[in-house]
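**Q** Let me begin by handing over the structure; questions about it come next.
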Amino acid sequence: ALLAGALDDPDPDVRRHAALAAGRRGTTAAVPVLVAMVAEGTNDVEAAEVLGTLAVDPGQGERILDALAGELTAGPAVRIRVAQALAELPGPLPQALLRQLGDDEDRAVALIASALADALGERT
C-alpha cells in the first residue's frame, strides 16, 4: 500500500524507486511510471525488465504494449529505448511493433528494431 501511494509522489526519484519495487511485486499500477522511465532513459533497462515480468499476464501485456507504442512519436533515442523494452515482453506480443520499427526513418532505430525482432523470432 505504501509503494502504491508513492507512485504519485511529487519527487520523481521516489516515484521511480516505488515503481520498480511495486512492479517487482506485481503491482500493475506501476506501469505508467515504468513506461515513463523507459522513455526518459532513467533506469530504463531495469524498468523494461520489470515491464517484461508484468507482461506475463496477457491482459497486462497488451496494456504495456499499447503504453510503449504511445511513446513512439518521440525522438530516435526514445524509440530505441522503446524497442529495447519491447524485446523484454514475453512471447510474440512485441514482434509486429518491432517489425514496424524496422522501417523507421532513423537508420539506427530501424537496425536495432530489426535485430531485436529477428532475435525474438528465434526465441519464440
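**Q** So how tilted is helix 31-40 from the main axis of the chain? Cα-based, degrees 0 to 90, rounded to 10.
**A** With both axes taken from Cα atoms, the answer is about 60 degrees.
**Q** Also, I was wondering about something else. Please report, in debye to the nearest 20, how large the charge dipole of the chain is about its Cα centre when each Lys and Arg carries +1 at its beta carbon and each Asp and Glu carries -1 there.
**A** My answer is approximately 220 debye.
**Q** Would you calculate a helix-derived [θ] at 222 nm for the chain, using -39,500 (n - 2.57) for each DSSP H run of n ≥ 4 and dividing by the full residue count, to the nearest 500?
**A** Per the formula, -21000 deg cm²/dmol.
**Q** Rounded to the nearest percent, how much of the accessible area of the chain (1.4 Å probe, protein heavy atoms only) is carbon and sulfur?
**A** Roughly 53 percent of what the probe reaches on the chain is carbon or sulfur.
**Q** From the gyration tensor of the Cα coordinates in the chain, what semi-axes in whole Å does the equivalent ellipsoid have, largest first, with each one equal to sqrt(5λ)?
**A** 25, 16, 10
**Q** Taking only protein heavy atoms into account and a 1.4 Å probe, give the accessible area per residue of the chain in Å².
**A** Per-residue accessible area for the chain comes out at 50 Å².
The values are calculated or read from the model by the stated rules, or taken from the named source; none is laboratory data. Model, not experiment: these values are computed from the prediction. Every residue, glycine among them, receives a Cβ derived from its backbone with ideal geometry; neighbour counts consider all protein chains shown. In case anyone asks, the SASA skips ligands and DNA or RNA and just uses the protein heavy atoms, side chains included. Shrake-Rupley method; radii C 1.70, N 1.55, O 1.52, S 1.80 Å.
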